[in-house]
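The values are calculated or read from the model by the stated rules, or taken from the named source; none is laboratory data. Keep in mind the model is a prediction, meaning the values are calculated, not measured. Because the Cβ atoms are built from the backbone with ideal geometry, glycine has one as well, and the counts that use them run over all protein chains shown. Accessible surface is based on the protein model in full, side chains and every heavy atom, while ligands, DNA and RNA are left aside. Shrake-Rupley method; radii C 1.70, N 1.55, O 1.52, S 1.80 Å.
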Amino acid sequence: AGCSEGMRRVSSLVRRLALHSAPVLVAGESGTGKELVARALHDEGPRRGRPFVVINVAALPRELVESELFGHERGAFTGAVTKRIGAFAEADGGTLFLDEIGELPLDVQPKLLRALDGYEVRRVGGAGSGRRTNVRVVAATCAPLDELVLSGGFRRDLFHRLEVFVVRVPPLRERKSDVAAIAKVLLADLATEFGTRRLSS
C-alpha cells in the first residue's frame, strides 16, 4: 500500500516485469513488503491462475533446504518415509518465491543455478535425468548479496542469474506519506479478523 513517489515507481516496474518470465530479485529491508511485491508480480502476469509457492529459506533447517526445493525420494535420508515433490514441482506453471535467498546454503546454490538455467530439477536420492519444470522464480533479500559474493557466502554466477531484474522496495522512513494508507489497510484486516466494526476516520 502507498501512494508515495517511491512506491509508484515500484508499482510501475512491477506491472512491466509481471509480463516477463525471467527471475526477479526483490531487495529491501525487513518489513518493507517484499512478499507483497512478489505476489503482485504473480497476480498481474500470465501466471496468475497458477500456484504461488513461498519458501522462507532462513526458516528451514539447513539440511532440509534441498529437499524442500527439489523434493526427495522415499528413503533418500533418515526420516524420508514418503516421497516429496518439492517446491519447484508444486509451483509448476506458476511462481516460486524464495524469501531470504541470502541464507541459501552454499552446497545448494549450484543446484538452484542449474534449475534456473535449465528449469530441470532432480529429487534428493533420485536417479537419472531430472524433471523439467516451468517456474518463474522471484527471490527476496534484506542482505546485500553483492557483499555476500565478495565474502564468499554467495555464488557470483547465481547472483547474476537472480538479478536479471531488480525491484528495490524503499523503507517506510523514506515514504512517510504512505503511513496513513498502510494503517487503514491494517485496521481493515484486523477488523475482519476479529469481527469488529472498523472505526471511521
Point-to-point label distance, Glu163-Ser11, nm (Cα→Cβ direction, 7 Å offset): 2.8 nm
In Hz, Karplus ³J(HN,Hα) per residue of region 44-54 (6.51, -1.76, 1.60; θ = phi - 60°; x = Gly, Pro): 9, x, x, 8, 4, x, 9, x, 10, 10, 10
Heavy-atom SASA rank of Ile85, Ile55 (probe 1.4 Å, accessible area, largest first): Ile85, Ile55
Net charge contributed by nearby residues that have their C-beta within less than 12 Å of Ala18 (K/R +1, D/E -1): +4
By accessible area with a 1.4 Å probe, ligands and nucleic acids excluded, highest first: order of Thr196, Thr32: Thr196, Thr32
